[in-house]
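Let me begin by presenting the structure, written as structure tokens, before commenting on it.
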Amino acid sequence: KLVYNKLLHTTAEFDRTMDENPAIALSFRDQFIPSMNYTYTYDNTFGPRQNKRIFWQNSITSAGNLLYGAMELFGKRGAKYLFGNQFSQFIKGVSEIRYSFKTGRKSWLVTRLLIGAGYAYGNSKVMPYSEQFYIGGANSIRAFTVRSIGPGSYRPEDKQYGYLDETGDVKLEANVEYRFPILGDLYGAAFLDAGNVWLLREQKNEEGENIRPGGLLTLRNFAKSIALGTGVGLRYDLTFLVIRLDLGIALHDPYDTGKK
């Protein structure tokens, strides 16, 4: 796959945010992303009589390595460019497993675990913004909106455009949900979600100040930086489509809220 990222237009607010965050600015630069991806999927969820269902998907993406190696072989040293733009070089892996089993005639306990990591090197200092991880939202930790938490315990001061900073190199996400029948094709659900994203490198500005404090993945801050949410929901099963309504409630924010 060959992707070309180019910013066609920016606003003054966007430019100011990029000036204040050089690492984010690097990930938004005009660049080529020549990549290869391999995905393996195991799925035994087909069939109404399945009492235990497993879905397991693993993918690995390698970007820029063949091109970098070829240029090195032909004597090209230093930063390398393709059609006048520096191309990205990184490796990224994602593994997701879902395990469901029946607890009654029409009730299920559904579990899910996702682990992902990406690392830029060689021709790149950071991964392209489109390849970075984020968390939150209806299909993630439902007590938090998309890009409202992370990386780690970092919380941006800019409330309007701070979501641009809330991405990371590592992602951990776990969900447990109990689904039970209410009436006919209408089901209820109770769930517990946990996870966050983190950085693999500290990101500093020109003055040497850490621009996203608390975002680095360390054993010391790992447990406290896990966001935790619970909630309840409704499911209406149309066979070919499930209509879902969820209410998420935060139990633990990864950043300091001033409350215990």
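The values are calculated or read from the model by the stated rules, or taken from the named source; none is laboratory data. Source: prediction; values computed, not measured. FYI the Cβ positions are ideal-geometry reconstructions off the backbone, even for glycines, and counts take in every protein chain you see. To get the accessible areas, we keep the full protein, side chains included, count just its heavy atoms, and leave off ligands, DNA and RNA. Shrake-Rupley method; radii C 1.70, N 1.55, O 1.52, S 1.80 Å.
Build a GNM of the chain with springs between Cα atoms under 10 Å apart, and of Phe55, Phe28, Phe74 the one that fluctuates most is Phe74. For the stretch 141-260, a simple Cβ point-charge model (Lys and Arg +1, Asp and Glu -1, everything else neutral) yields a dipole of about 340 debye relative to the Cα centre.
FRET efficiency for the Leu109 to Lys224 pair, using the beta carbon distance and R₀ = 35 Å, is estimated at 0.80. On the beta carbon distance between Val3 and Phe74, with R0 = 35 Å, the FRET formula returns roughly 0.90. Over 29 Å apart at the Cα level, from the set Lys6/Lys159; Lys6/Lys125; Lys1/Lys171; Lys1/Lys224; Lys6/Lys171; Lys1/Lys52, are Lys1/Lys224; Lys1/Lys52. The chymotrypsin sites (Phe, Trp or Tyr not before Pro) found in the stretch 153-260 that occupy coil by DSSP, while having at most 11 further C-beta atoms within 10 Å, are Phe240.
Summing Cβ point charges (Lys, Arg +1; Asp, Glu -1) relative to the Cα centre of the stretch 100-194 gives a dipole of roughly 480 debye. The alpha-carbon positions of the stretch 49-119 define a convex hull whose volume is 116 Å³ per residue.
Please work out which option in (i) 70, 40, 33; (ii) 66, 46, 37; (iii) 82, 37, 28 gives Cα extents along the principal axes in Å calculated from these coordinates, and answer with its label. Derived directly from the coordinates: (ii). Dipole magnitude for the chain: about 1120 debye, using +1 per Lys or Arg Cβ and -1 per Asp or Glu Cβ, origin at the Cα centre. The listed residues Asp193, Asp15, once ranked by accessible area (1.4 Å probe) with the largest placed first, stand as Asp15, Asp193. Relative contact order, whole percent, for the chain stands at 15, derived from Cα pairs under 8 Å and 6 or more residues apart.
Three principal axis extents describe the C-alpha atoms of the stretch 178-260; from largest down they are 62, 32, 20 Å. When only alpha carbons are used to place a centre, the stretch 24-86 and the stretch 131-153 end up 22 Å from one another. Among Gln31, Trp56, Asn21, flag the residue with its Cα farthest along the positive direction of the charge dipole of the stretch 21-160, charges on Cβ as +1 for Lys/Arg and -1 for Asp/Glu. The residue sitting farthest along the positive end of the dipole is Trp56. Quick check for you: which residues of the stretch 127-169 have the amide N under 14 Å from the point 7 Å beyond the Cα of Leu245 toward its beta carbon? Label zone hits: none. Placing a label point 7 Å from the Cα of Ser62 along the Cα-to-Cβ line, the residues of the stretch 28-47 whose backbone N sits under 16 Å from it are 34-40.
For the pair Glu206 and Asn37, the difference between a 0.36 nm per residue extended length and the Cα-Cα distance amounts to 57.3 nm. When the Cα positions of Ser107, Phe87, Ser140 are compared along the charge dipole of the stretch 65-158, Ser107 comes out farthest toward the positive end, with charges on each C-beta of Lys, Arg, Asp and Glu. Subtracting the Cα-Cα distance of Glu157 and Lys260 from 0.36 nm times their residue separation leaves 35.0 nm of extension gain.
One decimal place: the segment Tyr236-Ala174 gains 20.0 nm when fully extended, by the rule 0.36 nm per residue minus the C-alpha distance.
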